[in-house]
């Protein structure tokens, strides 16, 4: 199981703004592979993420792999299937646009919908459900999730 972080500088205008506001990264995806997680039926890799269309799964990386940094959670392989099952159960959930911009608009009292996810929130929740990380307090950006994972695998 891996977590892929999209480098903001390699993204389009919206991704660059997100990176400028929150740090180095603008998007996050969960990556599951049959080579890493023996219980996962799909072959090669499955990418699961929240994007503009909602929670979706694909068999390919979004864009060029050189535009991503990866955090390999190999030491948590036994939790991979739990994480994978939860991610799959969320496919079709709509994207949380207000949540994405809540760190910008929070001072205006914007409240996000707890039934929806934006990308780092989705990935963080998946990792919490699987017992990889502790629940994250406050708003989470791609860069903040990256820092949490790096500290965790230290």
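The values are calculated or read from the model by the stated rules, or taken from the named source; none is laboratory data. The structure displayed is predicted, hence computed values, not measured ones. Every residue, glycine as well, gets a Cβ built from its backbone with ideal geometry; the counts of neighbours run over all protein chains shown.
Applying the selection to the stretch 113-128, what residues are in a loop (DSSP other than H, G, I, E, B) and buried (at least 16 other Cβ atoms within 10 Å of the Cβ)?
Narrowing the stretch 113-128 to residues in a loop (DSSP other than H, G, I, E, B): 113-116, 118.
116, 118 - these are the residues of the stretch 113-128 that are in a loop (DSSP other than H, G, I, E, B) and buried (at least 16 other Cβ atoms within 10 Å of the Cβ).
Restricting the first residue to the stretch 63-85 and requiring it to be at positive phi and modelled with pLDDT under 80, which pairs with a second residue that is surrounded by 13 or more Cβ atoms within 10 Å (Cβ to Cβ) and not in a helix (DSSP H, G or I) meet a Cβ separation below 8 Å and a spacing of at least six or different chains?
Between residues of the stretch 63-85 that are at positive phi and modelled with pLDDT under 80 and residues that are surrounded by 13 or more Cβ atoms within 10 Å (Cβ to Cβ) and not in a helix (DSSP H, G or I), the close pairs are 63/6.
When the residues of the stretch 129-154 are filtered to those that are buried (at least 19 other Cβ atoms within 10 Å of the Cβ) and touching a strand residue (DSSP E or B) at 6+ places or on another chain (Cβ under 8 Å), which remaining residue is farthest from residue 99 (Cα to Cα)?
149
Out of 47, 20, report the one residue that is out of contact with any helix residue (DSSP H, G or I) (no Cβ under 8 Å at 6 or more places or on another chain) and either in a strand (DSSP E or B) or at pLDDT 85 or above (or both).
On the way: 20 fails: out of contact with any helix residue (DSSP H, G or I) (no Cβ under 8 Å at 6 or more places or on another chain).
The conditions single out 47.
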